[in-house]
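What follows is a short report on a single structure.
The values are calculated or read from the model by the stated rules, or taken from the named source; none is laboratory data. What you are looking at is a predicted structure, and each value in this text was computed from that prediction instead of being measured. FYI the Cβ positions are ideal-geometry reconstructions off the backbone, even for glycines, and counts take in every protein chain you see. Ligands, DNA and RNA are stripped out before the accessible areas are found, and what is left, the full protein with its side chains, is counted by its heavy atoms. Shrake-Rupley method; radii C 1.70, N 1.55, O 1.52, S 1.80 Å.
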Amino acid sequence: MDNITKAIIIASVVIIIALAIFIFRGENSEEQENDKAPAVNVERPKGRSPLEKVAPNVELQEFVASSEESKQTMQNIAKTFQSGNEEDIASAIIELDSLGTEDVLALFDTAMRIKNPEFRRDIVSKVQAMPHRGAVSALAKAMNDKDPSVRQLAIGALALTEGILTSQAENVDQDSKDRLTLENEDKEIVAGAIRQALNDSDEEVRKEALETLSMFSADFQNFGINTAIESNDDDTRSNALFMAQSSFNKETIGAIITAIGDKNAKISEQASDFLQHIFDQEFTSVKDAREWWERNSHKYDYDLVEQEDDD
C-alpha cells in the first residue's frame, strides 16, 4: 500500500469520526433542549411577578457623596482592616457610617479579607440596601466567602438590595436612576450569585436562597425558580417545585414541566399530578408536556385561566 492510499484511508477515518461526533452532539443537544422549560413568550402583566413579591420592612439607605475628608478616612480604615487588631477593626467598622456611599463600596474587598467572620457579616450588613448598583456586585462577591454564615447573610442581603434598587430606580430623577439601575454586567453577576447560592454546599445557604427568592425583582425570580428546579439537591428541587405550584402562572409553569423529568420519582409524580389537575392532561415526559404547552399556551392568561373562544 503506497503512501497516498494510506493518507486517503486515514483522512476517510478522520472524517467518519468527526461526522459521528457531530451527529451525536446534535442528538444530545436535542435531548437537552427537550428537557428545558417551554419556549413560550410570556407577557407579564404590569406589577406582577412570577412569585408573590415580598416587600421587606427595609428602606434604601440615603446616598452620601464622598469628600476629600471621607476619602482620607477611608484610607485609614483600610489600614486598620489590614492590621489584624480586632479591637481597632471593630471601631473602624462603626466608623464606616461617616464615609460616603462609594467609599464604603471601595473598601468592601479589603474588609472581606478580615479573618473574623463576624466582622465580615457586619460588613455585609453595612452594604445591604445601599443606594448604588455597586452594592449588588459587592454582595455577590460575598457568595465566595469561606464561611457559610457569611454566604447565607449575603444572599439574603443581595435579594433585598436588588429588589429595592430595581423598584426605586423606576421613580427617581435621571442622576439617581443612573446610580441605581443595574447594567447588563451587574445582572450577570446577580444571576451567577443566585445560581451559586442555590447550589451551595451548605444546606442553610441553599434554604436562604430559596426563602429570599421572592424579594428579588421579577426577572431574577423567574431565573431563580428555574435554576432551583435543576439543582443537584433533592430538597432544593422539591422546595422549588412547591414554590412554583404555590404561585403558578405562565412563568413558573416552565419549572413545573421541567420537574416531570426529575430523577426523584416523588418530585416527578408531584409535578405530573399538578399539571394533570391544572390542565386536565396527562403527560408522560418533559418533551410531551413541553410540546403541548407550546401548542396551547395561547389559550391561557398569565394566571393559567383558560380563555373562552371568541366564536
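Across the range 233-251, the number of residues qualifying as among the small types (Gly, Ala, Ser) and open to solvent by less than 10 Å² (accessible area, probe 1.4 Å) comes to 2. Close Cβ contacts (under 6 Å, 6 or more residues apart or on different chains) running from residues in the range 75-99 that are within 16 Å of Pro117 (Cα to Cα) and open to solvent by 70 Å² or more (accessible area, probe 1.4 Å) to residues that are part of a helix (DSSP H, G or I) and modelled with pLDDT of 95 or more comprise Asp88/Thr80.
Is there any pair with a first residue in the range 196-222 that is in contact (Cβ under 8 Å) with a residue 40 or more places away in the chain and more than 22 Å from Ser49 (Cβ to Cβ) and a second that is open to solvent by 20 Å² or more (accessible area, probe 1.4 Å) and of a type in the set (A, V, I, L, M, F, W, C) whose Cβ atoms are under 9 Å apart and which are 6 or more apart or on different chains, and what are they? Matching pairs, first to second residue: none at all. The set of residues in the range 50-74 being open to solvent by less than 70 Å² (accessible area, probe 1.4 Å) and closer than 30 Å to Asp301 by Cα consists of Pro50, Leu51, Val54, Pro56.
Here is a yes/no grid of residues against (1) modelled with pLDDT of 95 or more; (2) assigned to a helix (DSSP H, G or I); (3) open to solvent by 50 Å² or more (accessible area, probe 1.4 Å):
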position: Ser137; (1), (2), (3): yes, yes, no
position: Met143; (1), (2), (3): yes, yes, no
position: Lys146; (1), (2), (3): yes, no, yes
position: Ala154; (1), (2), (3): yes, yes, no
position: Ala159; (1), (2), (3): yes, yes, no
position: Gln168; (1), (2), (3): no, yes, yes
position: Asp175; (1), (2), (3): no, yes, yes
position: Asp178; (1), (2), (3): no, yes, yes
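Those residues that are part of a loop (DSSP other than H, G, I, E, B) and open to solvent by 40 Å² or more (accessible area, probe 1.4 Å), I need them from the range 206-232; list them, please. Walk me through how you get there before you give the answer.
Our first condition is that a residue be part of a loop (DSSP other than H, G, I, E, B); within the range 206-232, this holds for 212, 216-217, 229-232.
The answer is Glu230, Asn232.
When you scan the range 252-262, do you find a residue that is open to solvent by less than 10 Å² (accessible area, probe 1.4 Å), outside any helix (DSSP H, G or I), under 18 Å from Leu304 (Cα atoms) and in contact (Cβ under 8 Å) with a residue 40 or more places away in the chain, even just one? Within the range 252-262, one or more residues are open to solvent by less than 10 Å² (accessible area, probe 1.4 Å), outside any helix (DSSP H, G or I), under 18 Å from Leu304 (Cα atoms) and in contact (Cβ under 8 Å) with a residue 40 or more places away in the chain. Answer yes or no: is there a residue in the range 74-92 that is part of a loop (DSSP other than H, G, I, E, B), in contact with a helix residue (DSSP H, G or I) (Cβ under 9 Å, 6 or more places away or on another chain) and over 25 Å from Thr212 (Cβ atoms). No, there is no match, as no residue in the range 74-92 is part of a loop (DSSP other than H, G, I, E, B), in contact with a helix residue (DSSP H, G or I) (Cβ under 9 Å, 6 or more places away or on another chain) and over 25 Å from Thr212 (Cβ atoms).
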